[in-house]
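Trainee: Pasting a structure below so you can have a look.
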Amino acid sequence: KAGVTQTPRYLIKTRGQQVTLSCSPISGHRSVSWYQQTPGQGLQFLFEYFSETQRNKGNFPGRFSGRQFSNSRSEMNVSTLELGDSALYLCASSLGGYSYEQYFGPGTRLTVT
Amino acid sequence: DAKTTQPPSMDCAEGRAANLPCNHSTISGNEYVYWYRQIHSQGPQYIIHGLKNNETNEMASLIITEDRKSSTLILPHATLRDTAVYYCIVRFLLPGGTSYGKLTFGQGTILTVHP
């Protein structure tokens, strides 16, 4: 079974630009969560989508948004990029029930210059 | 989510068992204990989870104390490839058992396996 895929794997953007990252979950998984990882803050939860609905959101500004499509694929968007948005963005998928483990993708490395 | 406390780093000799402790003294009855690990620059990898009973899978064993205030992840025969950051996470179950995807990661334990 194919794992979680994220595209692109690496991205360089300039301050003020916007970026869209994509995540394809494992087949059959309906929940997709997004995380940001930085050396200073560690792994932080951004939001979770289940059946195209955002069910939970972390403490990030409104510049961070996401959506999920009917095929469970998800995108996250960051507008008006800041230098501090440079991070590894990770996507995780799960079947959706509470006790189900989450499977992470390899991440997208975003560098903002 | 309940707070977890882990030692910042541990060492282990290759071939020996690695025992990684985690304290979660404020855990409530409907919270699961999860373990993930992250090898440098890769996405975290699920290892194992449990509620009350000890659990074992092909990767590791999870021992949860009777009062559930602490747990130990055991890698029975550590290899160099087990060098990673190990995260102990407690997940809260919402009323009605609805899915709650958020994982709250702490700083984890850096496990270094030596030849």
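The values are calculated or read from the model by the stated rules, or taken from the named source; none is laboratory data. Bear in mind that the values here come from a model prediction, so they are computed numbers and not experimental data. Every residue, glycine among them, receives a Cβ derived from its backbone with ideal geometry; neighbour counts consider all protein chains shown.
Trainee: Are there any pairs with C-beta distances below 9 angstrom linking a residue in region A:6-29 that is more than 14 Å from residue A:111 (Cα to Cα) to a residue that is of a type in the set (A, V, I, L, M) and exposed (fewer than 11 other Cβ atoms within 10 Å of the Cβ), with the two at least 6 apart or on different chains, and if so which?
Mentor: A:24/A:2; A:26/A:2; A:27/A:2
Trainee: Got a sec? Which of A:65, A:79 is in contact with a strand residue (DSSP E or B) (Cβ under 9 Å, 6 or more places away or on another chain) and buried (at least 16 other Cβ atoms within 10 Å of the Cβ)?
Mentor: Answer to the check: A:65.
Trainee: Turning to a different aspect of this structure: Give just the number: which of (1) in a strand (DSSP E or B); (2) at pLDDT below 95 does residue A:23 not satisfy?
Mentor: Condition (2) is where residue A:23 drops out.
Trainee: Also: Give just the number: which of (1) at pLDDT below 95; (2) surrounded by fewer than 19 Cβ atoms within 10 Å (Cβ to Cβ); (3) not in a loop (DSSP other than H, G, I, E, B) does residue A:93 not satisfy?
Mentor: (2)
Trainee: Return yes when residue B:52 is in a loop (DSSP other than H, G, I, E, B), under 27 Å from residue A:106 (Cα atoms) and either more than 10 Å from chain A (Cβ to nearest Cβ) or touching a residue at least 24 places away in the same chain (Cβ under 8 Å) (or both) and no when it is not.
Mentor: So residue B:52 does not fit the description; no.
Trainee: Return the total of residues in region A:33-60 being at the interface with chain B (Cβ under 8 Å from one of its Cβ atoms), over 14 Å from residue A:108 (Cβ atoms) and either touching a strand residue (DSSP E or B) at 6+ places or on another chain (Cβ under 6 Å) or surrounded by 19 or more Cβ atoms within 10 Å (Cβ to Cβ) (or both).
Mentor: 9
Trainee: Which of the residues spanning region B:10-49 are closer than 21 Å to residue A:6 by Cβ and touching a Gly at 6+ places or on another chain (Cβ under 6 Å)?
Mentor: B:43, the sole residue that qualifies.
Trainee: Return a yes/no flag: does region B:66-78 have any residue that is part of a loop (DSSP other than H, G, I, E, B), in contact with a Cys (Cβ under 6 Å, 6 or more places away or on another chain) and not polar (S, T, N, Q).
Mentor: yes
Trainee: If residue A:106 satisfies every condition in (1) at the interface with chain B (Cβ under 8 Å from one of its Cβ atoms); (2) more than 23 Å from residue B:110 (Cα to Cα); (3) surrounded by fewer than 22 Cβ atoms within 10 Å (Cβ to Cβ) but one, which is the exception?
Mentor: (2)
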